[in-house]
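Read through the structure below, which is laid out as structure tokens, and then see the notes.
The values are calculated or read from the model by the stated rules, or taken from the named source; none is laboratory data. Just so you know, these numbers come straight off a predicted model, no measurement behind them. Positions of Cβ are backbone-derived with ideal geometry, glycine not excepted, and every protein chain shown enters the neighbour counts. The area values use the complete protein model at the heavy-atom level, side chains included, leaving out ligands, DNA and RNA. Shrake-Rupley method; radii C 1.70, N 1.55, O 1.52, S 1.80 Å.
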Amino acid sequence: MKKSIFFLVLCFISLSLYAQQPPAFQDTIPFRNDLGVIIVPITFNGVEKEFAFDTGAQASVGFSWVEKDLKRTSKKVNVKSSNGSKTKMRYYKSGTIQLGSRKITKHRILQIDDSEIFSCYAIDGVLGVDITQHFNWTIDFEKKILIMSPTDFYPEEVKEMHALDFDFTRNRPSVFMEMNGKKIKFLLDTGARESDLNKETYTLSNIEQLPKTTFYSGFFDVKGTLTKTNNIKLLLPDLTSGAVVITADADYGNQSSKIGNTLWRNRRLFMSLKNDELYVSDARIISDPWSYDCAAVVQDGKMVVFKIKEGSDAWKQGIRQGDEIKIFNGKTFTDFCELNKYQKQLSVEKKDFEWEFANGKKLTIQRKKVFKL
């Protein structure tokens, strides 16, 4: 009799646990990528925020609103930024997070101060793999939608997709690509627009034979800090990863090796972090990057050259990074966000623009192919 009761109790517990399992679901979440990163709506305690979907971030981060709206904890942690600097951040209790149809509780996020670049695009935080690893994701870069599903759910379209050599360890999603017989490890970073190859870790003996050019530019880290760079942009030879062959452009410099969103332009990814799987819609991917030779930014209320291509018309005329611009397309900008958005719109419309300097020199900047093949 006791054995029968024990068996019934076990059955009841099993049924209860089964009933508590979330049902199969597929949430379609639209995203915007006006900064080159994936930005999705996410709700904290009933208040909607806009977060960057960032597979390169190990923890979720919110900006200044966190200190006001969420409950702080006593725990702090040192977080290393892309430029190598370290910042001590405090954890806050997130309350109830609503992501698609899923409610997430008993979670913590880190808090950091606001920055110009993220405030400009109304980004309230970064959604890291501490949350996203608990779901499977289809990322459609053409339709600009994320489809979130359980970690044991695979849509039919995955059968037609192509597997990459992928691993998720220590909260870092890595894509392995083979080039000239050597395997290279790249961070899968949906929080980055461009791709990078670390030249200190991966020395290219055949670099002189590759299509390349040098850009004096920079990047903004999660704190909004602008770090100047002078990376060589390369068109890498055929890389193989699983069933996929890729010809990729990447900045060859001191940044960690990563794959940015431009590689997947107009393509679809399926990502299952828990199951170490990544698929892409195309078996052959060829980069065809376009860019302007120059770009500007507002610093201390002045327009200055932010990016310039070595050997370009502007370069030959003596223009260098940091030079002050007096007039941009007949306009004067003193606000960081206003100029940044204006340039983004020109890029979307593929329009030329004109700069005028203090000495009266004028330059017309055109959108061109980065490599002439």
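What distance in nm separates the two pseudo spin-label positions at ASN33 and LYS316, each 7 Å out from Cα along the beta-carbon direction?
3.4 nm
Along Cα→Cβ, 7 Å out, is where each label goes; now give me the distance between the ones at ILE286 and LEU210 in nm to one decimal.
1.9 nm
Ignoring ligands, DNA and RNA, please state the percent of accessible area on the chain from carbon and sulfur, probe 1.4 Å.
Of all accessible area on the chain, carbon and sulfur atoms account for 48 percent.
Based on alpha-carbon centroids, what's the gap between the stretch 25-41 and the stretch 61-120 in Å, whole number please?
19 Å
Evaluate E = 1/(1 + (r/R0)^6) for ARG102 and VAL47, where r is the Cβ-Cβ distance and R0 equals 22 Å; express this FRET efficiency to the nearest 0.05. Don't skip to the answer; put the middle values down first.
Values: r = 17 Å, r/R0 = 0.77.
Between ARG102 and VAL47 the formula returns 0.85.
Among DSSP beta bridges whose residues both lie in the chain, state the antiparallel percentage, nearest 5. Don't skip to the end; give the middle numbers.
Working: 93 of 106 bridges.
That works out to approximately 90 percent antiparallel.
Between LYS302 and ALA163, what FRET efficiency follows from the Cβ-Cβ distance if R0 is 41 Å, with the result rounded to 0.05?
With R0 = 41 Å, the Cβ-Cβ based efficiency is 0.25.
At a threshold of 8 angstrom on Cα-Cα distance, excluding pairs fewer than six apart, so keeping six or more, what relative contact order does the chain reach in percent?
Computed over the chain, the figure is 15 percent.
What does the stretch 331-372 give for Rg and for Dmax, in Å, if only its C-alpha atoms count?
Over the stretch 331-372's Cα set, Rg and Dmax evaluate to 12.2, 35 Å.
Modelling each spin label as a point 7 Å along the Cα-to-Cβ direction, I'd like the THR73/PHE153 distance in nm, to one decimal.
2.8 nm
Set the Förster distance to 30 Å, then compute FRET efficiency between LYS86 and ASP335 from the Cβ-Cβ distance, nearest 0.05. Present the calculation step by step, with values, prior to reporting the outcome.
Working: r = 30 Å, r/R0 = 1.01.
E between LYS86 and ASP335, to the nearest 0.05, is 0.50.
Please report the Cα spread of the stretch 286-337 along all three principal axes, rounded to whole Å, starting with the longest.
38, 26, 20 Å, listed from the longest principal axis down.
Can you tell me the orientation of helix 2-20 relative to the chain, as the angle in degrees between its alpha-carbon axis and the longest Cα principal axis, to the nearest 10?
Around 30 degrees separate the two axes.
List the pair-distance distribution P(r) of the chain, using every Cα-Cα distance, as the percent of pairs falling in each 10 Å bin from 0 up to the bin containing the longest distance, rounded to whole percents.
Whole-percent P(r) values from 0 Å outward: 5, 21, 29, 25, 13, 4, 2, 1, 0, 0.
Is the stretch 36-112 best put as rounded, prolate or oblate by its Cα gyration tensor, with a ≥ b ≥ c the root eigenvalues, rounded for a/c under 1.5, and otherwise prolate when a/b is larger than b/c, oblate when not? Show your work: numbers first, answer last.
Details: a/c = 2.04, a/b = 1.23, b/c = 1.66.
Oblate is the answer for the stretch 36-112, as a/c is 1.5 or above yet b/c matches or exceeds a/b.
Just to be sure I understand: if I project the alpha-carbon convex hull of the stretch 105-166 onto a plane and average over all orientations, what area do I get in nm²?
Taking the Cα atoms of the stretch 105-166, their convex hull projects to 6.8 nm² on average.
Take the stretch 242-340, drop everything but the C-alpha atoms, weight them equally and run the Debye formula without solvent; then report log10 I(q)/I(0) at 0.21, 0.23 Å⁻¹ to two decimals.
The calculated log intensity ratios at q = 0.21, 0.23 Å⁻¹ are -1.09, -1.21.
Run lengths n ≥ 4 of DSSP H only: what is the helix-derived mean residue ellipticity at 222 nm for the chain, with -39500 (n - 2.57) per run over all residues, to the nearest 500?
Rounded to the nearest 500, the figure is -4000 deg cm²/dmol.
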